Each structure stands twice: as structure tokens, then as C-alpha cells.
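**Q** Can you keep this structure in mind? I'll have questions shortly.
The values are calculated or read from the model by the stated rules, or taken from the named source; none is laboratory data. Fair warning: this is a prediction, and the values are worked out from it, not measured in the lab. Every residue, glycine as well, gets a Cβ built from its backbone with ideal geometry; the counts of neighbours run over all protein chains shown. Accessible surface is based on the protein model in full, side chains and every heavy atom, while ligands, DNA and RNA are left aside. Shrake-Rupley method; radii C 1.70, N 1.55, O 1.52, S 1.80 Å.
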Amino acid sequence: MSHAPRPLIHVVEDDPAIARLIESTLQRFDFRCELFATGGDFLRQLRTYTPQVAILDLGLPDMDGLEVMQQLRARHRFGLLIVTGRGDTHDRVMGLELGADDYMTKPFEPRELIARVRSILRRYQSEPASSNGSTSRRAWFAGWQFDTGTHRLTRPDGKEDTLSVAEAQLLTVLLEHANQILSRDQLLDGRDVCALDRSIDLRISRLRRRLDENPQHAKLIKTVYGAGYLLAATVSWQ
């Protein structure tokens, strides 16, 4: 009887003591783990194979962690958890907008780290299989095009962008219920809902930026105060 391989976690952390703490915590909960002290080493390794989740520190010796995120999200799509001592709002928002699935600040509780890693893994494992195209669909709305299988969002001018899993799941729910008011709970439909999840409002904000929307004057994703959100567009599916 074969067993599924243990999930591989890449840890990008230049502080040896913290790297060892994360490594021992992951191994205790049956994860495989590889450590990288620089962003460059991590990005080079991705040319050979990728992990299921990467845990990334922002304060790396050779390059800023946000730059690492930009490079990897341009080529790869796997779980990404930021664990850093930089806890200011700007870094948190930038990290999430660049495609991080979650964000933790140091010091952290090891069991919380494991809970967040597991939550991210469940999100990616729950993605519809699209290798044969059987469950991949395309939606057209307001000049935009979105592919649910590849998470590729195509702008009206033809430029393409790839959404994170959380962004793609949120946009899919909005598109499937276009012109309907959806509560925050409804917008989390089909996702792993737990106390560790970021607020739906922040995810809406990130999605609006992807769609070039001004949050104060949003035309596509409208806020219905006291009720939720509404995607105001005609949607056609293929």
C-alpha cells in the first residue's frame, strides 16, 4: 500500500536559530523541510523543483523578501507564508498583494505556524484539477477574462496576470453569483474557513487592485454596506 509523500516545505530564513526552530517544528509534524539562507539560493533551487509551501522571511541578506516574492510569483504557484520580524502595515499589505497566502510576525507560536501551513496546504489541495481541462472554465466580464483552472486574469488590453489561490477562489465565487449581494460568509464558500484567515475585506481590496479599481469608487466589486459585496457585471462562461 503506497502512501502519499510528505509535503515539502522550503524555509527561507537567514537567522540560523530561527531556521532550526522552524525546521524542527515542521519535522515534528511530519513535514519534509529544506533550509535556504538567501533569496538567491532559494530562487535557483526552484529551477529544479518546487515545494508545496515556502516560508519566507522578508529581511534576507542578499535581497528583499518582497523582491523574492515578485520573482517567484511570476513563474510559480505554490503556497507562500511570510514569517518576519517586519510587522508594519505596509509590509503586511504589500506581501499579501504580491501573492502571499498568509503573514506571521516573529516571535511566533510553533503550533500556530503549523496551523497556518496546514491551512495553506488545504487551499491548494482543494484546487480543481485542470490538467485535462475538464474542470477549467473561462469567464468574460467587463472586458476582462479569467481562467479558473490556471488562475490567469487577462486585462482588457491583453496583459495577463496570475492570481493567488485565495484571490482566484474569491473571484470565482463573485463571478458565479454576478449581480448578487454576497455576505462575507458566502464569499468564503468552498474555502478552509478558520480564525487564522485574513479578513475578507483585505482579500476584496487585493482583488480590486488586480482589477485596477479605486476602492473608494469601485465600479466592478461594489460594497453594499451592512450586507456584503456585489460584482456588477454581465458574465459569460465557456
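**Q** Restricting the search to the stretch 1-60, which residues are among the aliphatic types (A, V, I, L, M), under 21 Å from the mean Cα position of the chain (by Cα) and over 21 Å from Pro107 (Cβ atoms)?
**A** Within the stretch 1-60, Leu8, Leu43, Leu46 qualify.
**Q** Filter the stretch 105-119 for residues that are open to solvent by less than 20 Å² (accessible area, probe 1.4 Å) and modelled with pLDDT of 90 or more; which is nearest to Arg203 (Cα to Cα)?
**A** Val117
**Q** Residues of the stretch 154-168 being among the β-branched types (Val, Ile, Thr) and over 15 Å from Arg138 (Cβ atoms), which ones?
**A** Passing the criteria: only Val165.
**Q** Next question. May I ask you to say which residue of Asp88, Asp30 is surrounded by fewer than 14 Cβ atoms within 10 Å (Cβ to Cβ) and on the phi > 0 side of the Ramachandran plot?
**A** Values: Asp88 fails: on the phi > 0 side of the Ramachandran plot.
Sole residue among the options that is surrounded by fewer than 14 Cβ atoms within 10 Å (Cβ to Cβ) and on the phi > 0 side of the Ramachandran plot: Asp30.
**Q** Look through Val68, Val83 and report the one residue that is at pLDDT 80 or above and in a strand (DSSP E or B).
**A** Val83 is the lone residue from the list that is at pLDDT 80 or above and in a strand (DSSP E or B).
**Q** Now, a different point. Filter the stretch 159-198 down to the residues that are in a loop (DSSP other than H, G, I, E, B), modelled with pLDDT under 80 and open to solvent by 60 Å² or more (accessible area, probe 1.4 Å) and list them by number.
**A** Asp189, Gly190, Val193, Ala195
**Q** So which of Thr154, Thr150 ends up being open to solvent by 20 Å² or more (accessible area, probe 1.4 Å) and either touching a residue at least 12 places away in the same chain (Cβ under 8 Å) or more than 20 Å from Ile221 (Cβ to Cβ) (or both)?
**A** Thr150 is the lone residue from the list that is open to solvent by 20 Å² or more (accessible area, probe 1.4 Å) and either touching a residue at least 12 places away in the same chain (Cβ under 8 Å) or more than 20 Å from Ile221 (Cβ to Cβ) (or both).
**Q** In a strand (DSSP E or B), closer than 18 Å to Ser164 by Cβ and touching a residue at least 12 places away in the same chain (Cβ under 8 Å) - does that describe any residue in the stretch 22-38?
**A** Taking the stretch 22-38 first, the residues in a strand (DSSP E or B) are 32-36.
Cutting the leftovers down to closer than 18 Å to Ser164 by Cβ gives us none.
Within the stretch 22-38 (the criterion being in a strand (DSSP E or B), closer than 18 Å to Ser164 by Cβ and touching a residue at least 12 places away in the same chain (Cβ under 8 Å)), the answer is no, since none of the residues qualifies.
**Q** A further question on this structure: Tell me which of these Tyr49 doesn't satisfy, since it passes every other one: (1) of a type in the set (Ser, Thr, Tyr); (2) open to solvent by 80 Å² or more (accessible area, probe 1.4 Å); (3) under 21 Å from Gly85 (Cβ atoms).
**A** The number of the failed condition is (3).
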